[in-house]
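What follows is a short report on a single structure.
Read-outs: derived from the displayed coordinates by stated rules, not from any lab. Source: prediction; values computed, not measured. Here the Cβ positions follow ideal geometry from the backbone for every residue, glycine too, while neighbour counts run over all protein chains shown.
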Amino acid sequence: MTLDIDKLRAETPGTGTRTHFNNAGAALMPLPVYEAVRDHLDLELAIGGYEAQARAKAAYERTYDAIAELINCDRSEIALVENATVGWQMAFYGMRFEAGDRILTAEAEYAANVIVYLQVAKRTGVKIDFVPSDDSGQMDVAALESMIDDRVKLISVTHVPTNGGLINPAAEIGKIARRHGIPYLLDACQAVGQIPVDVEEIGCDMLSVTGRKYLRGPRGTGFLYVRKGFMDKLEPPFLDMHGAEWTSLDGYTMRPDARRFENWEDNVAAIIGLGAAVDYLLDLGIEETSQRLCALAATAREKLAALPAITVQDIGAKKGGIVTFTHGKKSAGEIKELLAEKAINVSVTRLSSTRFDLEKRGLESMVRASFHYYNTEEEIDQLIAALAGV
């Protein structure tokens, strides 16, 4: 289908007051998502939280089905969680490591994940090995293959890192993981909603996602995918009476599905909003929305590169909707503030977020402009004009 940009922007009130290029941080919610959350909160206000949840069961359950349709899995393989970090950690901490085990990850891996690797390494003696990047900046799959041995217990990679246009070759990594029988954890928090993601095609065993970024859902939402055939190889790091049933005085039985990774209390209104956000994307078509946002980012890269004071810093053979750049005289923080004065939202990605990659490239920080399908070429021109005067 052809996207009706005027309609999409009319359904996104934030576009009327700001030029929003911070979609990899938190995208602007469309009205149907806001209304789904608001309506459920109104229902809670009127009849009570438990009663409202019972009445909204169909909408709540629809979230599982919508996500399963989007990433091509069974609804039983989805756990709804508070955010991508919780989902990722439920998967990672569900694994068991011993001294001498190895975890393979990428040079552009995100700080939140690396900190966890380091913590587990300190506790258990597991070794963390960074797979070199190829000349484009993406994970070198040939190098990955060469680093496999019987001590590798996990391949863990961020699909779309925080620090540039890079899209790591997730499916190629998956082929290697499956060929060697190694568990594969994919951090897809900035991939799902930005590009098509098919877990069967990728071949990952676990995948974590947030709702607030490219899915345009509410903050405080996310999900974890765990492949059905891999589920029983994980032990949830914590359980409650939602994830398991107390079946005898000294025994319990875990749920047979991915909801064993959930906990009993959640934000029902936000989860319904997440389902509405996924349905909104499904109605538009992920192929169409992804093509548009990636094309907008490509246009921005070209126009930014033409400015004499700007250096585009994106890496990767295949690039998505995130554009990073530096200014010859102004810091990334100063550029962000200057743009904010003109009602243009961007963010800053710093050394502490992807230390291995940025130290290697000698960078302290970069401006990050992340595009969505509701952005326009005219907004890109506003960005360029604002930067041309700096």
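Going by average Cβ neighbours within 10 Å, how do the peptides 45-57, 21-33 rank, with the highest at the top?
Per-residue Cβ counts within 10 Å, averaged per peptide and sorted highest first, yield 21-33, 45-57.
Roughly how compact is the stretch 1-78, stated as its Cα Rg over 2.2 N^0.38 Å to two decimals?
Normalised by 2.2 N^0.38 Å, the Cα Rg of the stretch 1-78 equals 1.39.
How long, wide and thick is the stretch 112-269, going by the Cα atoms along their three principal axes, in whole angstroms, largest first?
Principal-axis extents of the stretch 112-269 (Cα, largest first): 57, 39, 30 Å.
With no solvent and one point on each alpha carbon, what is the Debye value of log10 I(q)/I(0) for the stretch 342-390 at q = 0.16, 0.24, 0.25 Å⁻¹?
-0.60, -0.89, -0.91
Would you mind checking which residues have amide H under 5 Å from Lys318's amide H? H placed 1.01 Å from N; only 5 or more apart, or other chain.
Excluding prolines and chain starts, which carry no amide H, the hits are Ile167.
Hey, what did the stretch 32-283 get for relative contact order, percent, Cα under 8 Å, at least 6 apart?
28 percent
Enumerate the amide H contacts of Thr158 below 5 Å, restricted to partners 5 or more residues apart or on another chain; note that Pro and chain-start residues carry no placed amide H.
Amide H neighbours of Thr158, under 5 Å, 5+ apart: Ala106, Tyr110, Asp187.
Any chance you could run the full-extension gain for Arg178 through Ala121? It's 0.36 nm times the residue separation minus the Cα-Cα distance, nm to one decimal.
Answer, rounded to one decimal: 18.1 nm.
With a 10 Å cut-off between alpha carbons and a GNM built on the chain, which of Glu378, Glu107, Glu364 moves the most?
Glu378
What are the semi-axes of the equivalent ellipsoid for the stretch 48-158, taken as the square roots of 5 times the Cα gyration tensor eigenvalues, largest first, in whole Å?
Gyration-tensor ellipsoid for the stretch 48-158: 35, 18, 12 Å.
Please arrange His40, His327, His242 by counting, for each residue, the other beta carbons lying within 10 Å of its beta carbon, fewest first.
Going from sparsest to densest Cβ surroundings: His242, His327, His40.
One-quarter of the Cα convex hull surface for the stretch 223-306, in nm²?
Result: a mean projected hull area of 9.3 nm².
For Lys7, go through the lysines and keep the ones whose alpha-carbon is under 26 Å away, minus same-chain ones fewer than eight residues off.
Cα-Cα hits under 26 Å: Lys213, Lys342.
Give me the distance between the Cα centres of the stretch 285-330 and the stretch 84-134, rounded to whole Å.
The stretch 285-330 and the stretch 84-134 have Cα centres separated by 29 Å.
What does the highest-first list of 183-192, 206-215, 59-68 look like by mean Cβ count within 10 Å?
Most protected by this proxy first, the peptides run 206-215, 183-192, 59-68.
Percent relative contact order of the stretch 19-136, based on C-alpha pairs within less than 8 angstrom and at least six residues apart?
About 16 percent, as a whole number.
Search the structure for amide H atoms under 5 Å from the amide H of Lys127, placed 1.01 Å from N in the peptide plane, and list their residues when 5 or more places away or on another chain.
Close amide H contacts, sequence-distant or interchain: Gly100, Asp101, Arg102, Ile103.
Of all DSSP beta bridges in the stretch 32-283, what percent run antiparallel (nearest 5)?
Taking every DSSP beta bridge with both residues in the stretch 32-283, the antiparallel ones total about 45 percent.
Over the chain, one equal point on each Cα, no solvent: what is log10 I(q)/I(0) by the Debye formula at q = 0.08, 0.09, 0.11, 0.13 Å⁻¹?
Those come out to -0.43, -0.54, -0.80, -1.10, one per q.
So how far apart, in nm, are the two label points at Arg38 and Glu302 if each is 7 Å from Cα heading toward Cβ?
A separation of 3.9 nm, rounded to one decimal place.
As a test of the definition: which semi-axes, in Å, follow for the stretch 244-363 when you take the square root of five times each eigenvalue of its alpha carbon gyration tensor? Largest first, please.
42, 21, 16
Taking N as the number of residues in the stretch 35-108, what value does Rg over Cα atoms divided by 2.2 N^0.38 Å take?
1.61
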